Amino acid sequence: YPDEPRLARPTVLSCAPLRMQMPRQRPPRTPYWPIGPRTVTVAPGNNVILELAIDHLNRIVTPFRQPSVRTVSSVSTEIDGSVLYVATAEETPATLYITDADDAQTTVALTLAPRRVPPREIRLLVPGLESRRQAAGSSSGVAQSEATLPDIPLIATWRQPQHYINELTQGFRTLALGEVPSGYRKRGGRSGEAIHCGRDVRVSRVTAYDGQPLRFLTAKVGAKGDTPVVLDERQCRLHKQDALAAVALWPSAPVNPGAEATLIIAIDDSREGPPATPKPKRAGGFR
């Protein structure tokens, strides 16, 4: 029958259950903080931050012949020749003052930042140490040359009252943790507190912490170019000639492009800095 409509063949649908693939949830990544260098340079009177292992014995090789250690923290220390062994079971930062028995003016400060890492061995380098020894050996009664002294004014921490040392130690501990030290007031940096650390270093976000007997400054530093920058804390200067008590960088590893580190500066306002050099006058009496 040609006039009758032809029915289309029915489509058979499958009743099998559909399997939906859910996207896999990746576990959150644990933030990775690079470990600091194995060789650290620290000038007398300065402070550096060292990352050490928790619940392990760490080894710090000093350039001192007879080092002595002073601290108010609960870390365990043991001296074997020129090597210092340090162990701690807490994550709280601690500060050590290491003095060379041959030269009482050669004192460096180490702020220890314990981490869950394998045991570490760190070597300390002190610029000008050999020059100091040669100058002291050639003439014990003659003052040392200014070329052998560090650029930053020194504060004899071994002669200061214990309260002063505690304030300096606790201040660096608290600021390294990103907190405000007890008894200090946080404010923005002023024009006279601008920090310069060299042409290859970018300094931003200066913050001041006013208190007694010290004043602290923190700033974010980074590399201006496309290559990592090894920051020398001794090159950091202020517009206002204040007395620098200590300078430290956290973390102390080289600053990679795009990354930032925290610079911590302790200032002793009770000490007057060197007088400013007057500008030469031009002809006619104008400056």
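Every number in this text was worked out from the coordinates using simple rules, so none of it is lab data. In this text the structure is predicted, and so the values were computed from the model without any measurement. Don't worry about glycine lacking a Cβ; one is built from the backbone with ideal geometry, like all the others, and counts go over all protein chains shown.
The figures follow:
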item	result
Over region 192-242 - Rg/Rh using Cα atoms and the Kirkwood inverse-distance radius	1.01
Local net charge near S82, Cβ-Cβ under 10 Å (Lys/Arg +1, Asp/Glu -1)	-1
Difference of contour (0.36 nm per residue) and Cα-Cα distance, I54 to R237	62.4 nm
T107 long-range amide H proximity, modeled H, under 5 Å	G45
Long-range Cα-Cα pairs in region 52-135 (distance over 16 Å), rounded percent	51
Most to least packed among 115-125, 181-191 [average Cβ atoms within 10 Å]	115-125, 181-191
Neighbour-count order for H56, H196, fewest beta carbons within 10 angstrom listed first	H196, H56
Residues R190 and T39, FRET efficiency given R0 of 41 Å [Cβ-Cβ distance, rounded to 0.05]	0.70
